[in-house]
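Undergrad: Below are the structure tokens for one structure; questions will follow.
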Amino acid sequence: MTYFAVVDCDNCYVSCERVFRPDLNGKPVVVLSNNDGCVVARSNEAKKMGIKAGTPYFKLAEQFPDQKIAVFSSNYELYGDLTARVMAIIAQQAPEYFRYSIDEAFVVLRGMENVDLKAWGEQLYKTVRQGVGIPVSIGIAPTKTLAKMASHFAKHYKGYNHCCLIDNSEKRKKALKLYPIGEVWGIGRRYATKLESMGIHTAYDFAENSREWINAMFNKVVVLRTWRELNGEDCVPNEEPAKKKSICVSRSFPGMIGDIDQLKTYIANYAARCAEKLRKQNTVAAVVGVFISTNPFREDLGQYNNFAEVNLLTPSNSSITIVKKAMEALEKVYRPGFQYKRAGVIVLSMDTGGGIQTNFLDFDAEQFEKMKRLNKVIDSLNKVNGTETVILGSQQFRGRDSKGKSTQFADAIKHEFKSPNYTTRWSDIIKLK
């Protein structure tokens with residue numbers, strides 16, 4: 001029998017920060033969302049204090065006035081690099097694996113029938129911990145859904161020594177009885193609510209029903225597949241998540257913006273990020289859309305929101321092209337006289353970059369190849385020296401001082417508590433005394 005392992009980084013963003021701040025081990029730590037809006041990651045100590053995911057940053061001081069809480073702005077460059085190192089170690093230690101998310105990987109333990117899998121998992125934890133400094137939890141089972149469940153137990157119960165193995169029917173049933181139905185991979189919130197209303201509160205309650213009952217009540221392939229997996233039948237494909245059919249980058253602004261020139265800076269940054277994501281998954285977009293909106297909670301101000309899109313005659317993933325089209329879309333939706341709080345860029349109608357359908361009206365083969373080389377150089381430089389080392393001129397944030405004079409700032413996104421990019425920028429490398 002082939003077993004599967006799920007390797008999950010514990011409290012990923014917090015653990016990445018602690019790699020370079022060991023003084024924060026055992027102390028409450030939170031990581032904030034873009035623009036330092038709300039809590040998106042918490043250490044175990046912060047969770048025990050009662051800090052909820054989604055808590056606005058400004059409320060932390062109100063709700064926990066006498067508590068010392070370490071606060072960090074999101075540093076995705078650091079998190080991406082450290083988790084990539086974790087994945088590299090997994091690739092060395094496993095016969096086959098595929099990455100499921102930034103902090104999670106599935107391992108196919110094919111050909112390891114004579115290996116002590118529990119010992120293998122415990123050793124993998126030690127290797128990752130020593131090599132990167134991030135703690136991981138490992139769940140091993142005959143199906144991926146059961147392996148996800150096992151990783152949960154490995155994370156929350158010290159007795160498993162960071163690795164939980166479900167390798168027989170007795171262990172499987174015991175785990176199912178302890179696992180809430182709402183936590184089962186493949187059971188969404190809507191289905192969980194429906195099941196609980198029917199008296200099904202655990203994974204065991206769900207798995208004990210007949211196949212006919214599952215089909216009659218849900219008639220959904222995903223739900224039936226989850227039922228089969230919980231009963232020990234492997235049926236989830238061994239593959240990475242499908243490439244996204246659309247990409248959206250949006251943010252709320254630190255303040256209110258009425259000036260279109262400032263809006264253009266934000267839109268340029270979001271569009272460039274979309275283009276970078278397109279290139280990363282080797283796809284191109286044929287449509288670029290932009291939306292802007294005012295603050296719905298400011299009833300004393302005029303309200304306006306709108307969306308417009310622009311078609312590309314030749315699909316592209318070039319930053320220059322995507323940003324240019326985003327500017328055209330912004331011009332369509334912008335209305336003076338309003339204070340805007342949020343904006344975003346969406347790229348749609350995506351396809352693989354290998355078979356671009358060109359348009360003879362605007363396609364220039366020489367220019368196209370030049371753009372490809374330029375994008376490759378930009379991505380290479382940003383990978384070595386840190387994101388946004390090389391950017392377009394339109395991405396440079398410009399504001400105005402108290403006298404109305406134009407000023408230039410380095411970043412259009414608020415991250416007051418951002419840690420250095422220790423592993424990706426020479427300027428941020430740690431200096432030892």
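Undergrad: If you check Leu124 against the conditions, is it in contact (Cβ under 8 Å) with a residue 40 or more places away in the chain, more than 21 Å from Ser169 (Cα to Cα) and in a helix (DSSP H, G or I)?
TA: Numbers: in contact (Cβ under 8 Å) with a residue 40 or more places away in the chain: yes; more than 21 Å from Ser169 (Cα to Cα): yes; in a helix (DSSP H, G or I): yes.
Spelling it out, Leu124 is indeed in contact (Cβ under 8 Å) with a residue 40 or more places away in the chain, more than 21 Å from Ser169 (Cα to Cα) and in a helix (DSSP H, G or I).
Undergrad: Being within 18 Å of the chain's Cα centre (by Cα) and in a loop (DSSP other than H, G, I, E, B) is the filter here, so list the residues in the stretch 245-281 that pass it.
TA: Across the stretch 245-281, the qualifying residues are Lys245, Ser246, Gln281.
Undergrad: Can I ask one more? Considering only residues of the stretch 177-191 that are assigned to a helix (DSSP H, G or I) and at pLDDT below 90, which is most open to solvent (accessible area, probe 1.4 Å)? Before you say what the answer is, go through the steps one by one.
TA: Taking the stretch 177-191 as the starting set, the residues that turn out to be assigned to a helix (DSSP H, G or I) are 177-178, 181-183, 189-191.
Checking the rest, the ones that are also at pLDDT below 90 come to 189-191.
Numbers: Arg189: 208, Arg190: 174, Tyr191: 42 Å².
Filtering first and then ranking leaves Arg189.
Undergrad: Kindly establish whether Arg190 is of a type outside the set (Asp, Glu) and within 24 Å of the chain's Cα centre (by Cα).
TA: Yes: the conditions hold for Arg190.
Undergrad: Look at Asp103 and say whether it is more than 27 Å from Leu146 (Cα to Cα), open to solvent by 20 Å² or more (accessible area, probe 1.4 Å) and acidic (Asp, Glu). If you could, list the steps in order and put the result at the bottom.
TA: Numbers: more than 27 Å from Leu146 (Cα to Cα): no; open to solvent by 20 Å² or more (accessible area, probe 1.4 Å): yes; acidic (Asp, Glu): yes.
No: the conditions fail for Asp103.
Undergrad: Would you please name the residue that is surrounded by the most Cβ atoms within 10 Å (Cβ to Cβ), looking only at residues in the stretch 20-63 that are closer than 23 Å to Arg251 by Cβ and aromatic (Phe, Trp, Tyr)?
TA: Tyr57
Undergrad: Hey, among Ile320, Ile356, which residue is modelled with pLDDT under 90 and open to solvent by 60 Å² or more (accessible area, probe 1.4 Å)? So that I can check it myself, show each step before the final result.
TA: Numbers: Ile356 fails: open to solvent by 60 Å² or more (accessible area, probe 1.4 Å).
Answer to the check: Ile320.
Undergrad: Would you please list the contacts, defined by Cβ atoms under 7 Å and residues six or more apart or on different chains, that run from a residue in the stretch 307-331 that is farther than 8 Å from Ala275 by Cβ to a residue that is at pLDDT 90 or above and among the aromatic types (Phe, Trp, Tyr)?
TA: Hits for this filter: Phe307/Phe291.
Undergrad: With respect to Arg172, is the statement that it is open to solvent by less than 70 Å² (accessible area, probe 1.4 Å), at pLDDT 90 or above and basic (Lys, Arg) true? If you could, list the steps in order and put the result at the bottom.
TA: Details: open to solvent by less than 70 Å² (accessible area, probe 1.4 Å): yes; at pLDDT 90 or above: yes; basic (Lys, Arg): yes.
Taking the combined requirement at face value, the residue satisfies it.
Every residue, every condition in (1) under 30 Å from Asn168 (Cα atoms); (2) of a type outside the set (Gly, Ala, Ser), yes or no:
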residue: Cys16; (1), (2): no, yes
residue: Asn44; (1), (2): no, yes
residue: Lys52; (1), (2): no, yes
residue: Glu77; (1), (2): no, yes
residue: Ala84; (1), (2): no, no
residue: Ala88; (1), (2): no, no
residue: Glu96; (1), (2): yes, yes
residue: Ile102; (1), (2): no, yes
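Undergrad: Scan the stretch 195-216 residue by residue and report those that are part of a helix (DSSP H, G or I), in contact with a helix residue (DSSP H, G or I) (Cβ under 8 Å, 6 or more places away or on another chain) and open to solvent by 50 Å² or more (accessible area, probe 1.4 Å).
TA: Pass one, the stretch 195-216, residues part of a helix (DSSP H, G or I): 195-197, 203-207, 211-216.
So of that shortlist, the ones also in contact with a helix residue (DSSP H, G or I) (Cβ under 8 Å, 6 or more places away or on another chain) come out as 195-196, 203-207, 211, 214-215.
Glu196, Tyr204, Asp205, Arg211, Asn215, listed by residue number.
Undergrad: Okay, next question. If we keep just the residues of the stretch 233-244 that are surrounded by fewer than 17 Cβ atoms within 10 Å (Cβ to Cβ) and modelled with pLDDT of 85 or more, which is nearest to Arg279 (Cα to Cα)? Even if it seems obvious, please write down each step before you answer.
TA: Within the stretch 233-244, the subset surrounded by fewer than 17 Cβ atoms within 10 Å (Cβ to Cβ) is 233, 235, 237-244.
Those left that are additionally modelled with pLDDT of 85 or more: 233, 235.
Numbers: Glu233: 37, Cys235: 31 Å.
Among residues in the stretch 233-244 that are surrounded by fewer than 17 Cβ atoms within 10 Å (Cβ to Cβ) and modelled with pLDDT of 85 or more, the one nearest to Arg279 (Cα to Cα) is Cys235.
Undergrad: Let me ask something else. Does Lys52 count as basic (Lys, Arg), over 16 Å from Asn421 (Cα atoms) and touching a strand residue (DSSP E or B) at 6+ places or on another chain (Cβ under 8 Å)? Please lay out each step first, then the result.
TA: Working: basic (Lys, Arg): yes; over 16 Å from Asn421 (Cα atoms): yes; touching a strand residue (DSSP E or B) at 6+ places or on another chain (Cβ under 8 Å): yes.
Considered against the rule, which asks whether it is basic (Lys, Arg), over 16 Å from Asn421 (Cα atoms) and touching a strand residue (DSSP E or B) at 6+ places or on another chain (Cβ under 8 Å), Lys52 comes out as yes.
Undergrad: Restrict the check to the stretch 316-339 and report whether at least one residue is among the hydroxyl-bearing types (Ser, Thr, Tyr) and touching a Ser or Thr at 6+ places or on another chain (Cβ under 7 Å). Before the answer, list the steps.
TA: Kept after step one, since they are among the hydroxyl-bearing types (Ser, Thr, Tyr), are these residues of the stretch 316-339: 316, 318-319, 321, 334.
From what's left, touching a Ser or Thr at 6+ places or on another chain (Cβ under 7 Å): none.
No; the residues of the stretch 316-339 include none that is among the hydroxyl-bearing types (Ser, Thr, Tyr) and touching a Ser or Thr at 6+ places or on another chain (Cβ under 7 Å).
Undergrad: I'd like to check something: does the stretch 305-314 contain any residue that is open to solvent by 20 Å² or more (accessible area, probe 1.4 Å), touching a strand residue (DSSP E or B) at 6+ places or on another chain (Cβ under 9 Å) and either in a loop (DSSP other than H, G, I, E, B) or of a type in the set (Asp, Glu) (or both)?
TA: yes
The values are calculated or read from the model by the stated rules, or taken from the named source; none is laboratory data. Nothing here was measured: the structure is a model prediction, and the numbers come from that model. Glycine gets a Cβ as well: all are built from the backbone with ideal geometry, and neighbour counts include every protein chain shown. Quick note on the areas: whole protein, heavy atoms, side chains included, nothing else; ligands and nucleic acids left out. Shrake-Rupley method; radii C 1.70, N 1.55, O 1.52, S 1.80 Å.
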